[in-house]
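The values are calculated or read from the model by the stated rules, or taken from the named source; none is laboratory data. From a predicted model like this one, the values you see are computed outputs, not experimental measurements. Methodologically, a virtual Cβ is constructed for each residue, glycine included, from the backbone with ideal geometry; neighbour enumeration extends over all protein chains shown. Quick note on the areas: whole protein, heavy atoms, side chains included, nothing else; ligands and nucleic acids left out. Shrake-Rupley method; radii C 1.70, N 1.55, O 1.52, S 1.80 Å.
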Amino acid sequence: MTRSLTGIKPTGTIHVGNYLGAMRPALELVERHDSSLYFIADYHALTTVQDKRVLHSTIHDIAAAWLAAGLDPERTLLYRQSAMLEVFELTWLFACLVATGQLERGHSYKDALAKGLAPNAGIFNYPLLMAADIILYDTDVVPVGRDQRQHLEIARDVAIRCNHVFGADVLRVPEGVIQDDVLVPGTDGQKMSKSHGNIIPLFGTAKDLKKAVMGIVTASEPLEAPKQAEGTTIFTLYQQIVGKDKASGLAAKLAAGGYGWGHAKQDLVQALEDTLGPMRERYQRLRADEAGLDRVLAAGAERARPIARTTMERVRDAIGIAVRT
Ligand code: TRP
């Protein structure tokens, strides 16, 4: 029995890069584990999002997006981090076990300092809350992107340290599974990212999709010229959407000559619409019902709760804090 867990930070506009690079691979991983927990890290978001309306609405955006993308809440527990207050109890224990020096070496904290910002203590302590997110649920594996590697190391260190101090079997030591970065190009060919201003929105209208694709810069070979598909933004996106096998047809047409980038753009628009159109409809339906989303999140939390309780009973017992009645 292996349990996988991952956290999703509720920030920013959801775009095609998030879907192809993170959501779709994470949903495929569900098949490989007996149990999976995907939660919305709302208290982590508070380190940067300090506006009630924005946070509230982003939490619902994210929940609707994952459900629309195919997360089956019967199979994968989807819940809000904030539903389990025990996570803060564990964070405090970890704070008492970790040297401040280790947190001072944290990438996000150091980056903030390097930019001349005055990071809040939430950013400093971020890795401890993340360690608690993971360890509270007796997690075996944590699929994350490369940027989270250091956080994972801290989580492992703190679990090992706790077991060393309080007893070998108190905590399960999680393994990180670093997912290969899928580089999804944006409309300018750079990595798709909100900060680059090159995104294709995931739930935009059909018209928005078309407009974004038409804006992709291409080479200007004559129509009859044979064209190399590999490495171009249009083809890379097309291939990521439809898969390698299906995409080879488009590569062959371009290579044969007589097929222009305008045609290829239309193929891309069609492929995006075929996949994203039905997803957009599901999203709109789900997003319009916030109470329904809250019910899904609450049900996920209720199923996750006994796991957290069991861990905390073991922890309180091991550290000498009386078990509450
Ligand atoms: N820090 C992660 C990110 O920025 C989100 C996160 C919070 C997380 N808690 C987690 C990921 C626990 C994995 C496990 O993407």
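Just so you know, in the stretch 1-58 the residues that are under 19 Å from TYR137 (Cα atoms) and of a type in the set (Lys, Arg) include one that is surrounded by the most Cβ atoms within 10 Å (Cβ to Cβ), and it is ARG3.
Checking each residue of the stretch 138-145 against the condition of being of a type in the set (D, E, K, R) and either open to solvent by less than 20 Å² (accessible area, probe 1.4 Å) or at positive phi (or both) gives at least one match. Among the helices (runs of 4 or more DSSP H) confined to the stretch 1-104, the ones with at least 2 residues that are without any contact (Cβ under 8 Å) to a residue 24 or more places away in the chain, over 28 Å from VAL170 (Cβ atoms) and away from the ligand (no atom under 16 Å from the Cβ) are located at 52-68. Only one of the numbered conditions (1) more than 17 Å from HIS44 (Cβ to Cβ); (2) surrounded by fewer than 17 Cβ atoms within 10 Å (Cβ to Cβ); (3) at pLDDT 95 or above; (4) of a type outside the set (Ser, Thr, Tyr) is not met by VAL170, and that is (2). Screening the candidates LEU250, LEU293, LEU272, LEU223 for the property of being in contact with a helix residue (DSSP H, G or I) (Cβ under 9 Å, 6 or more places away or on another chain), within 25 Å of PHE39 (Cα to Cα) and not β-branched (Val, Ile, Thr) yields one hit, LEU293. All of ILE134, ILE123 fail the test of being aliphatic (A, V, I, L, M), within 14 Å of the ligand (Cβ to nearest atom) and open to solvent by 30 Å² or more (accessible area, probe 1.4 Å), apart from ILE123.
Look at (1) touching a Ser or Thr at 6+ places or on another chain (Cβ under 7 Å); (2) modelled with pLDDT under 95 and you find that PRO222 fails only one, number (1). Exactly one residue out of GLY292, GLY260, GLY300 is modelled with pLDDT of 95 or more and within 23 Å of GLY215 (Cα to Cα): that is GLY260.
Within the group ASP245, ASP294, ASP267, ASP317, which residue is of a type in the set (Asp, Glu) and touching a Leu at 6+ places or on another chain (Cβ under 6 Å)? Reasoning before the result, please.
On the way: ASP245 fails: touching a Leu at 6+ places or on another chain (Cβ under 6 Å); ASP294 fails: touching a Leu at 6+ places or on another chain (Cβ under 6 Å); ASP317 fails: touching a Leu at 6+ places or on another chain (Cβ under 6 Å).
Going through ASP245, ASP294, ASP267, ASP317 in turn, the sole match is ASP267.
All of (1) under 19 Å from ASN198 (Cα atoms); (2) assigned to a loop (DSSP other than H, G, I, E, B) hold for LEU272 with one exception: (2).
Of the helices (runs of 4 or more DSSP H) lying entirely inside the stretch 138-250, those containing at least 1 residues that are more than 16 Å from the ligand (Cβ to nearest atom) and more than 30 Å from GLN266 (Cβ to Cβ) are 149-166.
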